[in-house]
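Asks: Pasting in a structure now, in structure tokens, and then I'll have a few things to ask.
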Amino acid sequence: MHLACIVEGHGEVQAVPVLLRRLASTLDPTLTLQVEQPIRITKSKLLQAGELERAVELAARKVGSSGGILILLDSDEDCPATLGPALLSRACAVRRNVPISVVVAKHEFEAWFLAAADSLAGCRGLRNDLQAPAQPEHVRGAKEWLTDRMTEGHRYVETLDQPALTAVFDLTAARRADSFDKCWREIYRLITTNTAPSVAPSI
């Protein structure tokens, strides 16, 4: 299975391939997933006419006809239910012959860490008594939330901590964040679109 990714942040360049391999292994342990180096483009630029289209064309050339494309970005103040379909429509208009998924993290990628915060206790300077907030996707400033719950001398650094925490956070627990559950289901769709019918992992 061959996937290309379009992301917006420096942290996601390292973290998203880790996430994709973990999800693929969970969904189908027999699957070998090849993830291309993510294409990074800022959200402000991505929203400009023609920029998403150019990135999708580049990603499609990398994976060929037997792969898929994942576009993942933060919603920030935008509504994921509006932004996601709009981006998907633009992307599919470029390459209808390649499976494409768009995942918009509610507010920011780190909200998924908050949803599974209990599993991160003691990791990367986070306190041992770390507990997930009741509504992780309602937290504005997930990076700051993480920094506030680190031991003295530590602060959340996106380029270092995002990939490291992505490698260990509890994927199942994170599904209580709606946007991560969407990510789980979209990766399942990309995998099953491009693999044999025998692949039937539970979603």
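Asks: So if we plug the beta-carbon distance of THR26 and GLN48 into 1/(1 + (r/R0)^6) with R0 = 30 Å, what FRET efficiency do we get, rounded to 0.05?
Replies: 0.25
Asks: Given the chain, what percent of its DSSP beta bridges are antiparallel, to the nearest 5?
Replies: 5
Asks: If you take the charge dipole of region 2-193 about its Cα centre, with +1 on Lys and Arg Cβ and -1 on Asp and Glu Cβ, which of THR82, ALA4, PHE109 is farthest toward its positive end?
Replies: Towards the positive end, the residue furthest out is ALA4.
Asks: Quick one: dipole size for region 2-193, taken about the Cα centre, charges +1 on Lys/Arg Cβ and -1 on Asp/Glu Cβ, in debye to the nearest 20.
Replies: Dipole about the Cα centre, nearest 20: 620 debye.
Asks: While we're here: Calculate the spin-label point distance for ARG185 paired with LYS62, positioning each point 7 Å from the Cα along the beta-carbon direction, and give it in nanometres.
Replies: 2.6
Asks: What does the highest-first list of 117-126, 6-15 look like by mean Cβ count within 10 Å?
Replies: 6-15, 117-126
Asks: Right, something else. Run the helix sum for the chain: -39,500 (n - 2.57) per DSSP H stretch of 4+ residues, divided by residue count, reported at 222 nm to the nearest 500 deg cm²/dmol.
Replies: Estimated from H runs of four or more residues: -13000 deg cm²/dmol.
Asks: Could you work out the relative contact order of the chain, using alpha carbon pairs under 8 angstrom and six or more residues apart, expressed as a whole percent?
Replies: 25
Asks: Something else about it: Of the listed values (i) 42; (ii) 53; (iii) 50, grab the one calculated as percent of Cα pairs over 23 Å apart from the structure here.
Replies: The value computed from this structure is option (i).
Asks: If I model a spin label as a point 7 Å beyond the Cα along the Cα-Cβ vector, how far apart are those points for SER89 and VAL157 in nm?
Replies: 4.3
A short reminder: the numbers here are calculations on the coordinates, not readings from a lab. Quick caveat: nothing in here was measured; it's all calculated off a predicted structure. Because the Cβ atoms are built from the backbone with ideal geometry, glycine has one as well, and the counts that use them run over all protein chains shown.
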